[in-house]
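The values are calculated or read from the model by the stated rules, or taken from the named source; none is laboratory data. A quick note: this is a predicted structure, and the numbers were derived from the prediction, not measured. In this analysis, Cβ positions are derived from the backbone assuming ideal geometry, glycine residues included, and neighbour counts consider all displayed protein chains.
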């Protein structure tokens, strides 16, 4: 077998060194260039067979690369398993809300959030209206209520105003996951800010004795069974605490507590 020419040796050296350099960025402990350089220096000193040396070094490097790929695949499987577990845990905390499947590309989180807000508008906002209608406090609440209604108020089973806007974003950006996630989190955060403000105003009316907490909730014959079941037997004080609890629960279940605390500090 003909001996390797200088140009062939240079080409093999470059290939091996380049691969060690490339893979050492991902796995520095596995792809160490120094031992190779020491082996190469030793073979030159001993005037050994360079052809066999490079053949064995390339075989060894290929084995390292194969092992590296296998490790990466195992790591990816573990990573995906962890992500799936986190998503499962997150979704478990919101499954008790109604899920409204308004678009196939919409995030599950928003489908549950939309369901939560539709029920909140039907029950909790109606209770607020019964308690505070015609009072100065209602004027303080109005902007936050309107913000929530943009997401949760439906008309003849048609999607709400903000959900229609979200569907248009999904279409405009052709299902782009990043854009969908960005708008999803924007919807949830903005509504949760309004929910938190409502809880603050409601608690303030109780603390300042601006509401007769012993007054019984008044039902209307047009009220749904769900509304009567939730609020029919309560007085104003009990109803207010229930609204506050429900509002805070939505904020917590959709993981907005920390973000709202951060917003408060800004």
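Details
- Residues satisfying the stated conditions in region 110-136, i.e. part of a helix (DSSP H, G or I) and modelled with pLDDT under 95: 136
- Meets criteria (without any contact (Cβ under 8 Å) to a residue 60 or more places away in the chain and part of a helix (DSSP H, G or I)) for residue 29: no
Yes/no matrix, rows are residues, columns are (1) modelled with pLDDT of 90 or more; (2) loosely packed, with under 11 Cβ neighbours inside 10 Å; (3) farther than 30 Å from residue 169 by Cβ:
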| residue | (1), (2), (3) |
| --- | --- |
| 4 | no, no, yes |
| 54 | yes, no, yes |
| 57 | yes, no, yes |
| 87 | no, no, no |
| 90 | no, no, no |
| 105 | yes, no, no |
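- Listed conditions (1) farther than 15 Å from residue 15 by Cβ; (2) out of contact with any helix residue (DSSP H, G or I) (no Cβ under 7 Å at 6 or more places or on another chain); (3) surrounded by 14 or more Cβ atoms within 10 Å (Cβ to Cβ) are all met by residue 40, apart from (1).
- Count of residues meeting criterion [closer than 18 Å to residue 126 by Cβ and surrounded by 18 or more Cβ atoms within 10 Å (Cβ to Cβ)] in region 155-167: 1
- Only one of the listed residues (237, 232) is over 31 Å from the mean Cα position of the chain (by Cα), surrounded by 15 or more Cβ atoms within 10 Å (Cβ to Cβ) and without any contact (Cβ under 8 Å) to a residue 60 or more places away in the chain. That residue is 237.
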